[in-house]
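Heads up, the thing below is written out as structure tokens.
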Amino acid sequence: MPEWLVLTLAMGAACAVVLAVTLLQHRRIGVDDDPSETPDVIEYITMMIGVVYAIVLGLAIAGVWEARNAAQDHVQAEAQALHEISERVRVYPPEVRDRIRADVNAYVGHVVDVEWKRMAESGELTDRGTELLARLRHDVADHRPKSDFEAQAYQPLQDHVTAADLARTERGSSAEPTMPGVVWFGLIIGALVTIGMVFALQIRRTPRELLLAGLFSALIAFLLFLVWDFYMPYSRGIAAGADPFLKLFPGAGD
């Protein structure tokens, strides 16, 4: 199901529930009911609950957005390190250069075509990817420089392999959900309490009040959708993508 459709249904459902509950509530309220008699303490509590929940929801959105950006940075760092290996190895003999570049291309192709889907589905890296990176490391480390020019390139190549390995490890760690279940529990319960306090104020059935109540509930549904969309950095609509690999290795996705 497209995510825009999920968002639309969630916001529509939130509005419908609030409006339905409001209309049902007013059927039970007598004609002599006066909403102005709502105690001031209820208005104060409602305001405080709304402020606290807004802060918590804002922190949740900021946290998952920062985690998403960090995940994209790991991908960029890994792709750049592999690109540097592929370029710097040009000073090596043709047979060594071609073997190392073949290792890089094989690893990048596996990441883009196979491992990315595995990360999106289960949040895990593949054993095959680990093997391909290990083979690249061994081929880079096993070459013995035969000139000063090759010797100057040897250590930077090792450093870039290490950087790619570290970025891969970080990419695997960031593939997991960035918010624990207890936080989701708090966000959902907080949304229900915040919206529920609207009824404690005894809103009337005037078009203006019903519109504001519906828009308020739709806004909370939208913000919760943003948290849900961001908290899996590699598998949702606004997700960290494999674009750095595809830009630096154009043939990787073929």
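The values are calculated or read from the model by the stated rules, or taken from the named source; none is laboratory data. Treat the numbers as computed from the prediction; the structure is a model and nothing was measured. Every residue, glycine as well, gets a Cβ built from its backbone with ideal geometry; the counts of neighbours run over all protein chains shown.
Brief remarks on what is shown
- Every pair of residues 6+ apart whose Cβ atoms lie under 6 Å, when the first sits in the stretch 170-188 and is over 23 Å from S217 (Cβ atoms) and of a type in the set (D, E) while the second is surrounded by 15 or more Cβ atoms within 10 Å (Cβ to Cβ) and at pLDDT 85 or above: E170/H74
- In the stretch 36-46 there is at least one residue that is among the polar types (S, T, N, Q) and modelled with pLDDT of 70 or more.
- Within the stretch 113-201, helices (runs of 4 or more DSSP H) holding 1 or more residues that are surrounded by 14 or more Cβ atoms within 10 Å (Cβ to Cβ) and in contact with a helix residue (DSSP H, G or I) (Cβ under 6 Å, 6 or more places away or on another chain): 127-142, 148-174, 181-200
- Of all residues in the stretch 100-111, none are on the phi > 0 side of the Ramachandran plot and either under 27 Å from the mean Cα position of the chain (by Cα) or not β-branched (V, I, T) (or both).
- Odd one out for D103, checked against (1) within 23 Å of A242 (Cβ to Cβ); (2) surrounded by fewer than 18 Cβ atoms within 10 Å (Cβ to Cβ); (3) at pLDDT 90 or above; (4) of a type in the set (D, E): (2)
- Every pair of residues 6+ apart whose Cβ atoms lie under 7 Å, when the first sits in the stretch 147-168 and is free of Cβ contacts under 8 Å to residues at least 40 places away in the same chain while the second is exposed (fewer than 14 other Cβ atoms within 10 Å of the Cβ): Q158/A141
- All of (1) within 23 Å of F222 (Cβ to Cβ); (2) of a type in the set (S, T, N, Q); (3) buried (at least 18 other Cβ atoms within 10 Å of the Cβ) hold for N69 with one exception: (3).
- Taken over the stretch 91-111, residues that are part of a helix (DSSP H, G or I) and either closer than 17 Å to T126 by Cα or touching a residue at least 12 places away in the same chain (Cβ under 8 Å) (or both) amount to 14.
- In the stretch 71-83, of all residues being modelled with pLDDT of 90 or more and of a type in the set (G, A, S), the one that is nearest to the chain's Cα centre (by Cα) corresponds to A77.
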